[in-house]
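First comes the structure, then the notes that go with it.
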Amino acid sequence: MKHKTSLKAILLTTLLQAKALTVVLLLTIIGAIVFGLLPPLVLERAVDRMTAGEAPGLPLAVLYFAMLGLSGLFDAGKEFLITVLGQRITRGLRSAMCEKLSRLPAQYYTSQDPGATVSRFVGDVDTVEALFASGIVSMAVDICKVCSIVAVIFVKSRGLGILLLLLTPVLFKLTRVFQKRMLAAHLDNRKAVSRVTHHVPETIRNIRMIHVMARESYMEQRYGEALEDSFRAVERSNFYDAIYSPIITVMSALVVAVMMLCASLGGSWQALFGMTVGSAVAVTNYVGKVFTPLESIGMEIQNIQSAMAGIQRIREFLNQPEQADANETLTAETLQGSGAPAVALEDLHFSYDGKQEVLHGCTWQVGRGETVTLTGRTGAGKSTIFKLLLGLYQPDSGNVSVLGSPAAEVPAKLRRHLFGYVEQSFRLVPGTVVEQISLWDDRISLSDVVSAAKLVGLHDVICALPKGYDTPCTESLFSQGQFQLLSIARAVAADPEILLLDEITANLDAETEHLVLDALQKAAENRTVVSISHRLYSKSAGRQTAIG
């Protein structure tokens, strides 16, 4: 089954799941716009009464403050609901991206910097919330406010309404100029942040080598360059925003000044711009209100451009090609009862970059229960064969089959019960000792974990720990050889049919190697074993197969 997940589909699905919230938000927005228009009209009536020598009256004053209170209440509710909706959207987006991550082939992880992927899940997704919370929705509300205020102003003073309409194309052109420059600045900032996000874990991971090689200044220079690029991009964006706001403020003052000047000229100008004192107060209030959302639009443009830069990167992630679909009808019983060889390669061709082939027409097979050791020079493709067997990559041509089925079609839930994979070094995961072996697989019971530990000779060592199998596992808890034994226990805990051993004794001393090989001999009983370790032959009756 192919998964076609688009950003648009994710957003629409999230909005449909929050129908009630969306409806309440729309009603709140309408209330904020309507009640934002009423206070100046009430104020106009009160001022006109006072200029006519009448008292405005307590009811009019109460109405004015009530309108102000309702306007503030609806505005606060609008901001709250927009934030809630934005958080729901980001949660749905992150969930969809996590599902996408689980469907990506191994090529994605080898070709992409980890920092770039992390920045997409954290920084870029956060900008999508900003897109809704203080971007598109807020801008739509502000545009509606501007249009409604201009309409009221046009009724009160045609001249001022015409003046504001003439300013609209100028503001639109100005906005477009700032949009383009802000977008370019935000894109540059996103790229720089990705470099920083990748650089920090890379430095920590290789800190010993950096110290030994005295490359601190080089790593510091790389980090500084990325920070400098990010700083310059942010400075450009802030500069454009700083210019935009004063321009709007000056234009607001100029509009009021022109209105008052024209109204004082008399004649047709006064007819066009003239109004009562109350209307003048209301219109002046409205002019402040119309330019306030226009000024906010400048900030919202910046948020939208930042979000668009993030959305562009998220869309690139969602468009990444996915791994081949597994055959969900396959079961362990079906594979084990097929009667086919455990592993079979037929005229196999494979390259990582589509240019230089690592495997050229490789053909061989391993029978069930057989032990085979792959030999060949470094770079001949021995470890690549393991990756193909595990379904992490697909061949360019030819076939890779496991128990009679294409390796890439084996469902992920079956792979651990078909393969036990032991690497050169142990991969520590956060958790206890029991979780190092089970890897949180519910199908592996505590008794399975204990049996695997006993098989490799680690049971007594683990029981001697402060909390036994529940002891939090750290790098200092076991020796290198014990970690390798723990790796074998992890591989056999699910009782797999095939063991893949990737040079597991390469970094061990002679005494530790002896212990590991003894554990392997026990683990290999009644199983198919494919190994890249040359030292396994002294304790194995298996055959050798040359690669490359």
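The values are calculated or read from the model by the stated rules, or taken from the named source; none is laboratory data. This structure is a prediction, so every number in the text was calculated from the model and none was measured. Cβ: placed from backbone, ideal geometry, glycine included. Neighbour counts: every protein chain shown. These accessible areas exclude ligands, DNA and RNA; they are computed on the full protein's heavy atoms, side chains included. Shrake-Rupley method; radii C 1.70, N 1.55, O 1.52, S 1.80 Å.
How far is the Cα center of region 335-379 from the Cα center of region 43-79, in Å? If you average the Cα positions of each part, the centres end up 83 Å apart. Can you give me the angle between helix 158-205 and the longest principal axis of the chain, using Cα atoms only, in degrees from 0 to 90, rounded to the nearest 10? Tilt of helix 158-205: around 20 degrees.
I need the fraction of alpha carbon pairs in region 449-536 separated by more than 22 Å, rounded to a whole percent. Taking all Cα-Cα pairs of region 449-536, the fraction more than 22 Å apart is 24 percent. Accessible area ranking (1.4 Å probe, heavy atoms, ligands and nucleic acids excluded), largest first, for Arg103, Arg208, Arg236: Arg208, Arg236, Arg103.
Charged side chains reduced to their Cβ positions (Lys and Arg at +1, Asp and Glu at -1) give the chain a dipole of some 1540 debye around its Cα centre. Annotation for Val234 and Thr334: the two label points, set 7 Å from Cα along the Cα-Cβ direction, are 5.4 nm apart. Residues in region 493-500 carry Karplus couplings, in order, of 4, 8, 6, x, 8, 10, 10, 10 Hz; the curve used is 6.51 cos²θ - 1.76 cosθ + 1.60 with θ = phi - 60°, and Gly or Pro positions show x.
Summarising the amide proton neighbourhood of Thr373: residues at separation of 5 or more, or on other chains, whose placed amide H is nearer than 5 Å comprise Ser531, Arg543, Gln544, Thr545. Charge dipole of region 462-510 (Cα centre as origin; +1 on each Lys and Arg Cβ, -1 on each Asp and Glu Cβ, all else neutral): 220 debye, rounded to the nearest 20.
Work out the P(r) tail for region 136-231: percent of alpha carbon pairs separated by more than 23 Å, whole number.
56
The label point for Ser245 and the one for Gln312, both projected 7 Å from the Cα toward the Cβ, are 2.6 nm apart.
Ligands, DNA and RNA excluded, the heavy atoms of Lys382 present near 20 Å² of accessible surface to a 1.4 Å solvent probe. Summed over the residues of the chain and divided among them, the accessible surface reaches 50 Å² per residue at a probe radius of 1.4 Å.
Around Gly115, under 13 Å between beta carbons, what's the net of Lys plus Arg minus Asp minus Glu among the other residues? Its environment carries a net charge of +4. Viscosity 1.567 mPa s, temperature 4 °C: what is the translational diffusion coefficient of the chain from Stokes-Einstein with a Kirkwood Rh over Cα pairs, rounded to a whole number of µm²/s? After rounding, the answer is 44 µm²/s.
For Ser102 and His360, the difference between the fully extended length at 0.36 nm per residue and the C-alpha to C-alpha distance is 89.9 nm. The HN-Hα couplings worked out from phi for region 219-231 by the Karplus form 6.51 cos²θ - 1.76 cosθ + 1.60 (θ = phi - 60°) are 5, 5, 5, 4, 5, x, 5, 5, 5, 5, 4, 5, 4 Hz, whole numbers, x standing for Gly and Pro.
Whole-Hz Karplus values for region 454-462 come out as 5, 4, 8, x, 9, 4, 5, 4, 5 Hz, taken residue by residue from phi with 6.51 cos²θ - 1.76 cosθ + 1.60 and θ = phi - 60°; glycine and proline positions read x.
A probe of 1.4 angstrom, applied to the heavy atoms of all protein chains, finds Leu38 with accessible area near 60 square angstrom.
At the residue level, Val258 shows approximately 60 square angstrom of accessible surface with a 1.4 angstrom probe and all protein chains present.
Which is farthest toward the positive dipole end of region 100-217 among Pro169, Ser194, Ala214, measuring Cα position about the Cα centre, with Cβ charges +1 (Lys, Arg) and -1 (Asp, Glu)? Result: Pro169. When only alpha carbons are used to place a centre, region 174-228 and region 383-426 end up 36 Å from one another.
Note on the chain: with neighbouring protein chains present and a 1.4 Å probe, carbon and sulfur make up 60 percent of its accessible heavy-atom surface. With a 1.4 Å probe rolled over the protein heavy atoms of all chains, the accessible area of Met97, Met50, Met139 falls in the order Met50, Met139, Met97, largest first. Treating each Cα of region 2-41 as an identical point scatterer and summing with the Debye formula, the log10 of I(q)/I(0) at q = 0.16, 0.31 Å⁻¹ comes to -0.57, -0.95.
Have a look at the DSSP beta bridges in the chain and tell me what percent are antiparallel, nearest 5. In the chain, approximately 50 percent of DSSP beta bridges are antiparallel ones. Largest to smallest in accessible area, the residues Leu73, Leu392 fall in the order Leu73, Leu392 (1.4 Å probe, all protein chains included).
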